Amino acid sequence: MKQYFHIINDPRFRLVYNEHRHFGMGPAPRKIRLNREGFTIVPGVKKKTMVYPGMLLAEHPSLDKGDLHAPIYGTITEINARSIFVEAVDPEKVEPGTFPAPLEPVDLIREGKEGEDLVLAVKKMGVNTRSLGRRVKTLIVNGLNPEPGVRWAEPMLAEHAAEIRAGLELQRRFRRAEEIMLAVPAGCDVRLAGIRTVQVDPMYPNSVNELMIREVTGEENPPDVAAVGLHNVWSLGRVALTGLPLMETVITIGTARDWANYIVKNGSIVGELLEFAEISLKSGDTILRGGPLRGESLDRLDRSITKGAYGFFVVNAGEVPPIEGDSPCINCGACIQICPTRIDPRMLSRYAEFGRYDMSRKENFRLCVDCGLCGYVCIARRPVLQYIRLAVKKLDEEERLSRLTPIEPVARA
Amino acid sequence: MSTSSNNDILLAISTPPFWHCGRTIRKNSLHTLIALTPAVIMSLLQWGMPAARVMALAVLAAMATEAVCQTLMKQKLSQDNGTAAITGLLLAFLLPASAPWWLVVIGAACAMGIGRMAFGGYGANQVNATLVGWAMIFVSFPFLMDPTASQLQTTLADPLLKLKYFGAEAVADISVIDLLLGNQLGGLGSSQVGALLLGGIYLVLRGVVRWEIALSFLGGTFLAATCLHFVDGSLYAGPFFHMGTGSTVLAAFFLATEDSCSPHRRLPMLLYGLTGGILVVLIRAFGSYTDGAPFAVMLINLLAPMFALIRSHPFGTGPRKAGSADWRTRA
């Protein structure tokens with residue numbers, strides 16, 4: 001009966017899909033496009049450099065972000081301000097000696113590094129360590145599918161648990177939390193040695209970290225509790241088990257009718273993935289990287305799967321009502337009713353629409369957890385989430401500028 | 001097939017979320033029109049062609065007024081989303097079937113022009129547009145708006161008029177079934193109580209209108225009528241009489257629930273509906289008008305921003321005193 005009165009009556013929002021197929025291996029890439037924004041290219045890496053799997057291409061100055069490694073054998077065809085392009089080469093068809101012997105695996109678990117040393121070692125293996133948690137009392141591993149339509153969480157917890165176990169072992173050695181817990185969807189019977197599992201009602205948006213923490217602890221934004229995604233733990237475990245730098249990511253490739261989970265190389269071109277998954281597109285379709293509620297749409301088929309991306313979806317033309325130009329807010333209040341943080345997306349979207357970002361402050365825009373439900377229920381088809389993100393970005397910029405001290409003009413002698 | 005090399009596909013770029021619940025203004029309007037259909041049929045059976053004339057005229061006049069205003073305001077024409085048609089139809093429901101054509105046109109033009117477009121368009125008005133139009137012609141031409149005075153070729157009586165001038169005992173023998181079947185004199189659609197109830201429940205189950213408002217509006221009417229009935233049963237009629245007469249049901253499901261004029265959170269919605277329901281009975285019992293429902297809805301529309309101030313503290317912030325320095329508690 002509750003469903004009748006509920007705005008969301010979409011079975012896909014129940015994040016348990018009874019998906020238990022093993023992850024498939026993605027296609028062998030013909031081309032790779034790696035995002036290098038913020039990275040410093042290591043000396044010697046330039047156009048026409050021959051690269052091999054695991055070869056260090058670029059380092060990130062921040063300790064939080066993993067370094068960039070080549071995922072395949074190939075030649076660098078171009079390096080520009082945003083990307084590194086690699087074209088695949090068959091290692092058996094080139095002169096012997098072009099590529100060095102395969103990398104020696106590093107056994108992080110056996111090595112026994114702990115604390116900050118381990119964090120640095122993991123960063124050098126290409127894992128983003130920021131996503132693996134701040135220094136807190138309790139760290140909760142979010143074992144739910146992050147968004148509706150993304151379906152790798154269950155097989156990751158059951159069929160691919162070796163990586164999770166290894167990842168959690170390293171996570172423990174980071175010593176960033178006194179206690180680590182695992183939140184799993186209710187009804188999912190997962191037991192991992194030495195870790196407490198908590199069952200969570202698997203209805204989206206409960207998989208959003210802030211809301212998952214509330215489900216587990218019963219408190220909203222409690223201090224000393226942080227969350228890390230299962231996807232990140234899996235990547236960490238993958239590095240621990242293979243001993244090689246992180247070169248792949250798990251994604252769900254989905255359309256309205258079909259879906260499957262794949263392990264794909266970082267930087268895989270989406271056009272190749274579509275071809276591999278035998279999905280044909282028509283004009284007017286939308287392809288998106290990330291999840292269907294929070295992801296980003298891509299404009300061209302030669303865009304790539306970035307490191308840490310967890311999904312790739314196709315939304316066919318006509319599947320959702322089209323957005324028709326600037327549609328004014330009609331005050332229907334659906335976003336207010338659905339918002340899990342009890343803020344007012346209606347007013348926030350209007351403030352951003354008319355450039356009054358400062359007004360967003362009194363509507364608690366920083367509490368937005370980015371779940372996307374406001375746009376999902378908007379009957380006027382307004383880009384509500386995008387407006388809120390715009391306000392957050394503008395105000396962040398403003399606050400950053402206000403912290404700078406103005407430069408005094410140098411007095412002429 | 002090679003999609004990666006095929007560059008003549010033009011992909012659509014959009015913003016998240018990429019999935020959508022599928023509801024649009026047009027679909028909601030369609031559901032509302034479906035919900036109003038039983039009442040339309042019942043009123044046609046009751047009043048015949050004159051009712052059809054008033055309804056068609058009101059719908060057309062409302063849509064034409066909206067089109068003219070939108071042209072003058074250089075907005076995109078939006079008659080296809082059906083909201084103007086609903087406003088016109090609801091206005092017709094409040095009129096007697098005998099209303100002259102110019103009255104209907106003036107009412108519909110005022111509803112759309114002053115009630116809605118003057119505020120900027122659909123969803124921007126603070127008071128229900130239908131009721132603005134209705135109030136203007138009701139106050140200006142009370143004789144023509146009164147079905148008892150203008151609807152001469154009928155044997156039906158207005159139960160609210162009976163109640164006002166002959167007391168509760170005169171209406172004690174009116175059965176609820178008769179009221180539900182529309183055997184009463186009133187607005188051509190608003191008196192089809194049973195049909196409207198059916199349509200209203202359909203809308204609630206569809207999630208187009210919020211059950212909190214409809215339920216608490218009827219609950220408020222019930223509560224206030226019961227209290228007064230207990231105080232003096234010979235002066236004040238019982239709760240089911242008040243819920244079944246006039247335009248209480250039309251107001252509860254179709255007028256008070258207009259999204260832009262009502263609060264959006266649960267507790268404010270319940271209080272809003274409850275206040276409306278109580279006002280209906282108070283206006284009928286102590287006011288000079290026989291039917292209090294339209295005025296009650298207009299009053300609570302104006303109170304809606306006040307009710308909307310009641311809101312729970314935002315996520316992760318504790319309840320704190322109003323006016324404290326912390327920016328997170330400012331409503």
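Applying the condition of being crowded, with 17+ Cβ neighbours inside 10 Å and at the interface with another protein chain (Cβ under 9 Å from one of its Cβ atoms) to segment A:355-365 and asking which residue is nearest to B:GLY123 (Cα to Cα) yields A:GLU363. In the set (1) buried (at least 23 other Cβ atoms within 10 Å of the Cβ); (2) in contact (Cβ under 8 Å) with a residue 24 or more places away in the chain, B:LEU103 fails one condition alone, (1). A search for C-beta distances below 8 Å between a residue of segment A:113-126 that is closer than 11 Å to A:ASP64 by Cα and any residue that is surrounded by fewer than 15 Cβ atoms within 10 Å (Cβ to Cβ), counting only pairs 6+ apart in sequence or on different chains, returns A:VAL119/A:LEU63; A:LEU120/A:LEU63; A:LYS123/A:LEU63; A:LYS123/A:ASP64.
Of the residues in segment B:107-127, at least one is within 14 Å of chain A (Cβ to nearest Cβ), crowded, with 19+ Cβ neighbours inside 10 Å and out of contact with any Ser or Thr (no Cβ under 9 Å at 6 or more places or on another chain).
Among residues belonging to segment A:37-57 that are surrounded by fewer than 18 Cβ atoms within 10 Å (Cβ to Cβ) and small (Gly, Ala, Ser), point out the one that is farthest from A:LEU244 (Cα to Cα). Among them, the one singled out is A:GLY38.
Within segment A:89-110, being of a type in the set (A, V, I, L, M, F, W, C) and within 30 Å of A:ALA162 (Cα to Cα) holds for A:ALA101, A:LEU103, A:VAL106, A:LEU108, A:ILE109.
Quick check on my filter: what residues within segment A:59-75 are crowded, with 19+ Cβ neighbours inside 10 Å and not in a loop (DSSP other than H, G, I, E, B)? If the condition is that a residue be crowded, with 19+ Cβ neighbours inside 10 Å and not in a loop (DSSP other than H, G, I, E, B), then A:LEU68, A:HIS69, A:GLY74 are the ones that fit.
Here is a list: A:LEU182, A:LEU170, A:LEU120, A:LEU157. Which entry is at pLDDT 85 or above, among the hydrophobic types (A, V, I, L, M, F, W, C), part of a helix (DSSP H, G or I) and within 21 Å of A:GLU215 (Cα to Cα)? Show your work before the answer.
Numbers: A:LEU182 fails: part of a helix (DSSP H, G or I); A:LEU170 fails: within 21 Å of A:GLU215 (Cα to Cα); A:LEU120 fails: within 21 Å of A:GLU215 (Cα to Cα).
Of the residues listed, the single one that is at pLDDT 85 or above, among the hydrophobic types (A, V, I, L, M, F, W, C), part of a helix (DSSP H, G or I) and within 21 Å of A:GLU215 (Cα to Cα) is A:LEU157.
Of the residues A:GLU19, A:GLU78, A:GLU59, the single one that is in contact (Cβ under 8 Å) with a residue 60 or more places away in the chain, in contact with a Phe, Trp or Tyr (Cβ under 9 Å, 6 or more places away or on another chain) and charged (D, E, K, R) is A:GLU19. If the condition is being assigned to a strand (DSSP E or B) and more than 17 Å from A:HIS60 (Cα to Cα), then segment A:34-50 contributes only A:MET50. The set of residues from segment A:268-296 being more than 7 Å from chain B (Cβ to nearest Cβ), buried (at least 21 other Cβ atoms within 10 Å of the Cβ) and either acidic (Asp, Glu) or in a strand (DSSP E or B) (or both) comprises just one member, A:SER268.
For segment A:299-355, a residue qualifies if it is closer than 30 Å to A:ALA70 by Cβ and assigned to a loop (DSSP other than H, G, I, E, B), and the qualifying residues are A:ASP299, A:ARG300, A:LEU301, A:ASP302, A:ARG303, A:ILE305, A:THR306, A:LYS307, A:GLY308, A:ALA309, A:TYR310. Of all residues in segment B:30-63, those satisfying the criterion of being within 14 Å of chain A (Cβ to nearest Cβ) and either touching a Leu at 6+ places or on another chain (Cβ under 9 Å) or surrounded by 20 or more Cβ atoms within 10 Å (Cβ to Cβ) (or both) are B:HIS31, B:THR32.
Screening segment B:206-229 for residues that are closer than 17 Å to B:LEU33 by Cβ and either among the basic types (Lys, Arg) or at pLDDT below 90 (or both) and picking the one that is surrounded by the fewest Cβ atoms within 10 Å (Cβ to Cβ) gives B:ARG206. Summed over segment A:297-322, the residues that are within 7 Å of chain B (Cβ to nearest Cβ), farther than 21 Å from A:GLU275 by Cβ and free of Cβ contacts under 8 Å to residues at least 40 places away in the same chain give a count of 1.
Scanning segment A:347-354 turns up no residue that is surrounded by 17 or more Cβ atoms within 10 Å (Cβ to Cβ) and either within 30 Å of A:ARG30 (Cα to Cα) or at the interface with chain B (Cβ under 10 Å from one of its Cβ atoms) (or both). If you go through segment B:254-267 and keep only what is in a helix (DSSP H, G or I) and either surrounded by fewer than 22 Cβ atoms within 10 Å (Cβ to Cβ) or of a type in the set (Ser, Thr, Tyr) (or both), you end up with B:ASP259, B:SER260, B:ARG266, B:LEU267.
The values are calculated or read from the model by the stated rules, or taken from the named source; none is laboratory data. Model, not experiment: these values are computed from the prediction. When we count neighbours, we look across all protein chains shown, and the Cβ atoms used for this are built from the backbone with ideal geometry, even at glycine.
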